Each structure stands twice: as C-alpha cells, then as structure tokens.
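Values in this text are rule-based calculations from the coordinates and carry no lab data. All values derive from a computational prediction rather than experimental measurement. Cβ sites come from the backbone with ideal geometry, for glycine too, and all protein chains shown count toward neighbours.
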Ligand code: IFM
C-alpha cells in the first residue's frame with residue numbers, strides 16, 4: 001500500500017517482534033559543526049567543502065546542526081520520539097587530531113558525555129567508527145590509498161573501545177565503504193575528490209583490510225557486537241538484451257558484492273576483474289582471511305534501486321544506473337522502490353547465511369511543505385517509511401533475520417555535496433537559528449515505535465490505542 005498523502009495519524013505497521021530495535025541515525029560531520037573545537041583536527045570533508053564548486057549550495061559542515069553544542073537537546077528529541085537506540089558516528093579528528101599519535105582527551109570527552117546521557121535516557125548507543133571524515137593529516141599521507149591506513153584505523157578504534165567500550169556494546173566499523181571508494185575516489189563527487197580507477201580499487205582493498213583490523217581490535221577488547229553498514233541497491237537490467245543483463249550483473253557485483261563477498265565468503269566476486277579491467281587488484285589470501293572473520297550484525301542502508309544499462313562509452317565502468325522513468329522519486333532523484341528492500345534482505349539471507357541484520361539507514365529527502373499549526377506535514381516521508389517498514393515486516397515473516405530499523409535521519413542535516421538543500425530529518429532544523437521542530441513523520445514514527453510490537457488486534461482502525469493513550 002502506498003499512501004502518498006499519509007497524515008501524521010496514518011496507520012502504523014504492527015506485528016514486529018517485541019525486542020525489535022527502533023532507532024534513528026546521524027553522522028558526525030553532517031550534524032556536529034564546530035570542526036576544530038577543543039583541539040580537533042581537520043578532516044577531508046572540511047577541506048573538500050571549503051573548495052569552491054564542490055558543494056551545490058556553497059556551504060560546509062562548519063555549523064551544520066550545531067549538535068556539538070546542542071547535543072543535550074538532541075538526546076531529548078530522541079527521547080520524545082521514543083527510540084530505543086541511536087546510531088551516530090565518532091569523528092576520528094576529535095579523538096586523534098592528526099589521525100595518529102596523541103589522543104585529544106577533550107574530543108573524547110564529547111562522546112563520553114553523549115554516551116552517558118543516552119544511557120541515562122534509556123537509549124542504546126550504536127557507534128559507527130568511520131562515516132567518511134578521514135583526518136586531513138592522513139589524507140596528506142595518501143589516505144585510503146596508503147596500505148598503512150588499515151593500521152591507522154585500527155589504532156583509532158583501539159582508542160575508542162578503550163574509552164567508550166565499558167558503555168558501548170554495538171559498533172559498526174565502516175559506513176558505506178562503496179561510497180568512499182566510488183564517489184570519493186572514482187567520481188570525485190565526495191571527499192577526497194579523487195578520480196582514478198586504480199585508486200578506487202586500492203581504497204576498496206584498504207577499507208576491507210581496515211574493517212578486518214578493526215574487528216580484531218574490538219574482539220580483543222571483550223564482548224562486543226560488531227558489524228559494518230553497507231549501502232545496498234538492487235541492480236535491475238533496463239531491457240532483456242544480453243548487454244543490459246550483463247551490465248546489471250556487473251553493477252550488482254561492483255555495488256553490492258564488492259565488500260560483502262570478501263567479508264562473508266573470504267573471496268572476491270568472479271566478475272571483479274571484468275569490472276575493473278587493468279585496475280583490478282585482489283587482496284592476498286591472508287588479507288581475505290583477516291577480513292572474513294565472523295561479524296555479529298550487518299547494517300543495511302537502503303534507499304533506492306537502479307535500472308541499469310550497458311554503457312560502453314561511460315567514463316569509467318561499462319554500466320550506468322538510474323531510476324525507471326515515470327516512477328516516483330525522492331528529492332535526491334532516487335526511485336521510491338520499497339520492494340527492493342525486501343529483495344535485498346532475501347538476497348542477503350540466501351547469499352551470506354542468516355546473519356543478524358539491521359536496517360541502519362532508510363529514509364527520504366523531500367521538499368517539505370511549510371508548517372501547518374506548528375508541524376511540518378511531511379506526508380510523503382510518512383508514506384515512504386510506512387511502505388519500507390511494511391516490506392521489512394513481511395521479510396521477517398519470511399524468515400529474514402532482521403533485528404532493527406534506524407531512520408535516516410534524526411535531523412535535517414548537511415547532505416554532503418548537496419549541502420543543506422536535501423532534508424532527510426524526522427526533525428526539521430532551521431539552519432539560520434538552529435531551532436528544531438519535530439515533523440509529522442517524527443510524530444508518526446513515535447506512534448509506530450509505541451505500538452509496533454503489538455499484534456493487529458491491539459489496533460483500532462489502524463491507529464494504536466496505546467499511542468493515543470500516551471498522547472493524552
Ligand atoms: O546522508 C547520507 C548518509 O551519510 C549515508 N547514507 C546515505 C545518506 C543519504 O544520502
């Protein structure tokens with residue numbers, strides 16, 4: 001069911017397991033601001049955003065949501081949404097301003113306070129250790145192209161688990177390594193803005209090695225739940241032609257399998273030399289062995305599907321994807337395709353064993369309508385979330401080991417190369433004043449969480465009796 005005009009009191013999706021984890025997600029550079037406060041160093045995103053022409057609206061994350069100063073207010077918002085978990089990332093540059101070497105205690109203290117406040121509020125922290133903001137000092141040493149990068153990352157992770165590991169149990173090593181390698185090292189659309197296929201592959205290899213090295217550190221530190229978060233996007237051939245069918249298969253290997261086959265199966269997809277041509281480099285057997293140690297949970301970031309065509313004259317790779325013409329899209333131009341989430345969840349179960357899964361990101365940017373009586377009536381976001389939760393519930397019924405769901409994002413924030421123009425938040429942010437306002441989707445999500453574990457019989461005409469009682 002699609003509800004293009006879903007209001008805040010629209011039906012929620014019931015019947016989730018009672019221990020299902022409900023959360024919201026953010027990342028450091030997108031919300032924190034104050035990049036050099038309390039001794040922090042610069043990251044590749046500070047440098048990239050300050051280079052004219054890189055960000056669509058000419059902005060940067062210098063202020064963002066000012067979360068570095070307003071974090072307590074944001075924890076209160078999480079509480080009022082009723083989430084049980086919050087996924088955020090730690091900025092490597094606050095902890096190790098030069099990327100390696102001396103620890104900046106004042107930077108660690110920020111995350112100490114945040115974790116303490118979350119726990120005091122009854123919210124479980126899920127920490128992402130790398131969400132794209134590599135210390136600039138390390139980029140000057142080659143960044144992810146340098147084979148030492150895996151060790152740099154492991155050293156930083158050792159500091160984090162040493163300082164926060166008595167309270168944080170859930171860790172994601174990397175967020176969306178494919179985006180780092182492709183958009184950061186091939187397309188130049190994201191930091192560090194490189195455009196080189198050989199470098200793309202080197203970065204991918206070093207990211208896989210970094211995941212393995214960080215996993216070993218976290219395992220040695222005790223009883224932790226460790227995984228990584230990957231963006232997964234169904235790749236459907238545009239036509240029945242063998243060229244398009246092959247293009248879709250190669251795109252699937254490149255986007256969806258490039259990181260997961262090494263991590264779960266200890267090998268590269270057979271297609272990878274075809275995808276990369278001369279630029280192909282494989283990991284050694286020992287590196288694959290280190291990277292493929294078991295993880296406890298896999299984070300799935302799902303937004304869209306791609307319809308793929310053969311593109312022999314493309315700038316780099318022999319395929320090109322985009323939305324199916326005529327289908328609804330979000331403000332990102334991404335096709336709204338909830339069935340693709342179910343497809344991805346099934347594919348993960350069938351390909352990599354029934355590893356525990358969490359949807360670590362799902363959500364949509366829309367051009368939100370103006371507030372009505374104090375609330376942004378973002379009906380399209382409610383419909384988007386509803387429809388993706390419906391297929392998630394269905395996948396659980398079909399045997400997928402799905403344990404949780406995090407909306408992207410808690411707040412409207414700095415959407416990378418698009419600046420502040422694309423709003424994903426359950427909570428709207430006025431970037432002039434920093435004021436926050438829960439949107440209708442945030443109110444809807446609150447009702448969704450309050451009643452999700454209930455069987456259908458506990459609902460009254462689709463509206464949850466328990467949620468209504470709470471609102472009184
Ligand atoms: O904002 C990003 C996030 O940082 C990573 N996943 C996709 C989101 C929307 O583009």
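Quarter the surface of the alpha carbon convex hull of the stretch 1-160 and you get the mean projected area, 12.5 square nanometres. Take the Cβ-Cβ distance between residue 216 and residue 403 as r, set R0 to 22 Å, and report the resulting FRET efficiency rounded to the nearest 0.05. Between residue 216 and residue 403 the formula returns 0.40. By the count of neighbouring beta-carbon atoms within 10 Å, fewest first, 67, 346 end up ordered 346, 67. Counting Cα-Cα pairs of the stretch 72-169 in 10 Å increments starting at 0 gives whole-percent bin shares of 15, 45, 27, 11, 1.
Per residue, the average separation of C-alpha pairs within less than 8 Å and at least 6 apart gives the stretch 32-180 a relative contact order of 28 percent. Packing around the peptides 379-390, 220-231, 321-332, taken as the average count of other Cβ atoms within 10 Å per residue, puts them in this order, highest first: 379-390, 220-231, 321-332. How large is log10 of I(q)/I(0) for the stretch 159-268 at q = 0.24 Å⁻¹ when the intensity is taken from the Debye formula with one equal scatterer per alpha-carbon? Scattering profile of the stretch 159-268, log10 relative to I(0): -1.26.
Each DSSP beta bridge with both residues in the stretch 204-352 is either parallel or antiparallel, and the antiparallel ones are about 40%. Set the Förster radius R0 to 25 Å, insert the Cβ-Cβ distance between residue 120 and residue 19 as r into 1/(1 + (r/R0)^6), and round the FRET efficiency to 0.05. It comes out at approximately 0.70. In terms of packing, defined here as the mean over residues of other Cβ atoms within 10 angstrom, the peptides 434-440, 265-271 line up highest first as 434-440, 265-271.
Taking every DSSP helix (H) stretch of at least 4 residues in the chain, weighting each as -39,500 (n - 2.57) and dividing the sum by the residue count yields a mean residue ellipticity at 222 nm of -11000 deg cm²/dmol. Panel order for 422, 79, by other beta carbons found within 10 Å of each beta carbon, from fewest to most: 79, 422. Along its principal axes, the stretch 168-208 has C-alpha extents of 37, 18, 11 angstrom, given from the largest down. Can you bin the stretch 203-341 into rounded, prolate or oblate? Criterion: square roots of the alpha carbon gyration tensor eigenvalues sorted a ≥ b ≥ c, rounded for a/c under 1.5, prolate for a/b above b/c, oblate for the rest. The shape class here is oblate.
Express the relative contact order of the stretch 185-257 as a whole percentage, based on alpha carbon pairs under 8 Å and six or more residues apart in sequence. So the answer I get is 16 percent. Classify the chain from the C-alpha gyration tensor, please: rounded if a/c falls under 1.5, else prolate or oblate depending on whether a/b exceeds b/c. Judged from the Cα gyration tensor, the chain comes out rounded (a/c under 1.5).
Calculated FRET efficiency, residue 62 and residue 166, Cβ-Cβ r, R0 25 Å, to nearest 0.05? So the FRET efficiency works out to roughly 0.15.
Counted over the chain, the DSSP beta bridges are approximately 25% antiparallel. Oblate is the label for the stretch 278-420, because a/c, from the alpha-carbon gyration tensor with a ≥ b ≥ c as root eigenvalues, is 1.5 or above and a/b does not exceed b/c. Among 109-119, 131-141, sorting by the average number of other beta carbon atoms lying within 10 angstrom of each residue, highest first, gives 131-141, 109-119. Here the relative contact order of the stretch 179-333, from alpha carbon pairs under 8 Å that lie six or more residues apart, stands at 26 percent. Each of 76, 173 was scored by other Cβ atoms within 10 Å of its Cβ. Arranged with the fewest first, they read 76, 173.
Approximating the spin labels as points 7 Å out from Cα along Cα→Cβ, the residue 367-to-residue 69 distance works out to 3.2 nm.
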